1. With all protein chains present and a 1.4 Å probe, how do LYS532, LYS510 order by accessible area, largest first?
2. For the pair GLN338 and THR550, how long in nm is the line joining their label points, each one 7 Å along Cα→Cβ?
3. Show me the ranking of peptides 384-390, 524-530 by mean Cβ neighbours inside 10 Å, starting with the highest.
4. Round to a whole angstrom and tell me the spacing of the C-alpha centers of the stretch 349-381 and the stretch 421-443.
5. Keeping the other protein chains in place, figure out the carbon and sulfur percent of the accessible area of the chain, with a 1.4 Å probe.
6. May I ask you to order 463-471, 551-559 by the average number of other C-beta atoms within 10 Å around their residues, highest value first?
7. Checking the a/c ratio against 1.5 first, then a/b against b/c, what shape does the Cα gyration tensor give for the stretch 429-496?
8. Could you tell me how far the Cα centroid of the stretch 519-547 sits from the Cα centroid of the stretch 387-415, in Å?
Amino acid sequence: MDQFTINLLFVGASFALYIGIAIWARAGSTSEFYAAGRGVHPVTNGMATAADWMSAASFLSMAGLIAFVGYDNSTFLMGWTGGYVLLALLLAPYLRKFGKFTVSEFIGDRFYSPTARLVAVICLIVASVTYVIGQMTGVGVAFGRFLEVSNTTGLLIGAVVVFAYAVFGGMKGVTYTQVAQYVVLILAYTIPAIFISLQLTGNPIPGLGLFGNDVNTGEPLLQTLDALLRDLGFKEYTTHNGDTLNMVLFTLSLMIGTAGLPHVIMRFFTVPKVSDARWSAGWALVFIALLYLTAPAVGAMARLNITQQFWPNGAAGEPVSVETIENDPEYAWMATWQKTNMLGWEDKNGDGKISYYPSSNPENELTNFNNDILVLANPEIANLPGWVIGLVAAGGLAAALSTAAGLLLAISSAVSHDLLKGQLTPNMSEKSELMSARVAMGVSIAVATYLGLNPPGFAAQTVALAFGLAAASIFPVLMMGIFTKVNNKGAVAGMITGLVVTLVYIFLHKGWMFIPDTNSFTDADPLLLGIKSTSFGAVGAAINFAVAFTVSKMTQPIPRHIEELVESVRIPRGAGAAVDGH
């Protein structure tokens with residue numbers, strides 16, 4: 001059986017499972033659509049949250065970025081994991097105790113202001129749409145490779161699949177679909193990593209193999225990798241080469257952005273009790289750790305494999321020949337990925353060999369290696385069995401689709417529940433609200449697909465921008481809503497300032513509305529104190545806090561009943577049932 005057929009079998013079987021679950025768990029009410037009827041078990045919710053959380057950025061892109069940058073890109077691991085702890089301890093239990101369906105609803109009620117709720121909806125949509133662009137980019141990469149079509153065609157196919165199961169299932173369908181997707185993606189990530197760790201180090205646990213010895217040289221794996229890269233003119237894998245200010249700000253942006261992401265927070269509204277929200281967070285952290293402890297090993301081992309394929313006899317030997325690339329089955333992966341336009345090489349000097357050097361070196365003949373393809377290509381580069389490659393295909397798609405569905409649900413609930421029912425048409429029937437939610441989801445998919453055709457960066461970089469926007473706009477207002485007595489005017493002013501300043505800074509560097517070639521600066525030459533656009537979320541959050549506190553001090557204090565509400569939310573006792581506030 002050829003590889004294409006194996007891929008189709010794995011991907012087709014997983015899709016049949018997801019769509020079957022979505023039909024079985026079809027939402028029949030707004031409570032089921034937004035919060036899965038509040039009946040999800042903490043372990044189930046933890047698994048679904050992990051799938052919601054581990055997106056195309058985590059599965060596809062993160063290991064690729066770590067592989068090609070090394071230690072400096074460990075910020076993705078530190079920021080995303082640290083942020084989850086922050087979310088679990090400081091936000092999730094209190095928001096569940098408040099007993100609302102959406103983040104915007106909490107903000108509107110806590111700050112006793114329809115304007116605050118409206119601004120929160122806008123912040124949520126901006127951050128979530130940016131995040132969905134990253135997911136759709138990943139969907140395009142995965143579909144493009146495994147259906148052996150162009151990236152654009154893959155993206156369009158993926159959009160249709162997301163629409164099919166997210167629109168009908170709502171939160172109830174998405175929850176149980178995400179449980180299945182977690183199982184698929186974690187198996188797809190760890191099984192190839194175990195194979196490759198055994199090949200390179202003899203250790204079946206990738207995280208331990210990373211610090212073990214290379215079976216060929218007998219020296220530590222990371223030492224072997226550092227020496228090879230140094231000899232070829234690359235920066236050493238394990239050294240800190242970037243600037244520390246951006247590293248700290250970027251980590252902080254990812255942390256507080258994580259704690260402000262509406263689609264993850266919404267998962268904690270689906271459990272019966274406040275204590276279940278805490279348990280859900282704990283289980284999710286366990287499930288997330290299984291992938292995040294493996295990712296550094298995947299990145300390092302893939303970088304070593306790729307470099308050794310291009311320099312089979314080491315840096316002192318000859319680079320791989322064009323003839324070998326075209327005829328050796330071990331290099332067949334290159335021709336397959338070339339079809340997606342995400343891998344390219346050129347024999348510039350006509351010597352019949354392809355020399356792989358840093359991209360700044362004019363002699364570099366590997367002209368294109370997209371970071372997002374690394375995890376998907378990894379089993380092929382390591383020459384693993386066909387079924388492993390098929391499993392990775394299904395896993396990559398599960399990761400991208402699970403998060404895309406969660407994000408689209410957050411967007412649709414913001415539009416239908418918070419904007420239409422909460423603000424514009426309070427007397428809307430439940431049937432009309434469900435229909436408007438589905439229409440909003442369809443429009444969101446169309447916008448994200450269009451922007452996904454020309455994303456502002458690799459999947460993880462695009463997602464990092466979304467985290468920066470969530471960090472600058474949503475996280476501060478949630479923290480102030482739970483732990484301070486900031487009033488409605490302060491909250492609104494803070495959200496608007498944080499969002500606008502961060503969005504403008506990103507657009508100045510990435511292009512207005514992410515349209516190519518409309519940017520005034522680049523991240524190599526940033527506007528302010530060397531701070532890159534991906535790191536600016538932490539600065540935006542600080543501005544948000546400062547503006548909110550200043551405006552709040554200058555205006556009237558919060559009403560007594562809101563003060564009592566804030567105090568009651570912080571008391572760790574049972575939560576009331578959800579109420580439909582507007």
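1. Result of the area sort, largest leading: LYS532, LYS510.
2. 5.8 nm
3. The peptides rank, most packed first, as 384-390, 524-530.
4. 49 Å
5. The computed percentage sits at 64.
6. Peptide ranking by packing, descending: 463-471, 551-559.
7. Here the stretch 429-496 falls in the oblate category.
8. One Cα centre to the other: 29 Å.
The values are calculated or read from the model by the stated rules, or taken from the named source; none is laboratory data. Owing to the predicted nature of the structure, the values given are computational and were not obtained by experimental measurement. Cβ: placed from backbone, ideal geometry, glycine included. Neighbour counts: every protein chain shown. Accessible surface is based on the protein model in full, side chains and every heavy atom, while ligands, DNA and RNA are left aside. Shrake-Rupley method; radii C 1.70, N 1.55, O 1.52, S 1.80 Å.
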